[in-house]
């Protein structure tokens, strides 16, 4: 049902928590739908493990179960970090709606994080530029004049159409 509904999305499957972790580390995963009951490691332990890893700590995880539908387990699921806890029988339409919402939220979150990284880079560059400008004020007038002359000559060379008019450059210095 999920594969039929989300044809534009790559869906990875795993039969154990260990196999899931290997795939999560190997591929870009935007959302995890995990059963609570699995061999060796349950869904609660999987969430705790993934939240302890920098690379996977922000991936939203939805727990699904047919057995552990008592409110104690639901509460535990949310406490360990599940974004949702779904009990069987599953309403297919509701599940797909929730998956779409969580995928969109995660996508928006990644875009916001990328924008923040870009803003941080721009801010760091602006700080460097401001520092350089402030340092120019400490130069002596002779050095400022030399820098100005050098920049003016450089600008003339950059504007040049391929021929260099040395006399014109020297007149402008």
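Taken together, the values in this text are just the output of simple stated rules run on the coordinates, not laboratory data. Values in this document were obtained by computation on a predicted structure and should not be read as measured data. Positions of Cβ are generated from backbone atoms using ideal geometry, with glycine treated the same way; all protein chains shown enter the neighbour counts.
At-a-glance table
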{"read-out": "Spherically averaged projected area in nm², based on the convex hull that wraps the Cα atoms of the stretch 1-94", "value": "6.1 nm²"}
{"read-out": "Per-residue Cβ neighbour rank within 10 angstrom, fewest leading, 131, 71", "value": "71, 131"}
{"read-out": "Per-residue Cβ neighbour rank within 10 angstrom, fewest leading, 76, 128", "value": "128, 76"}
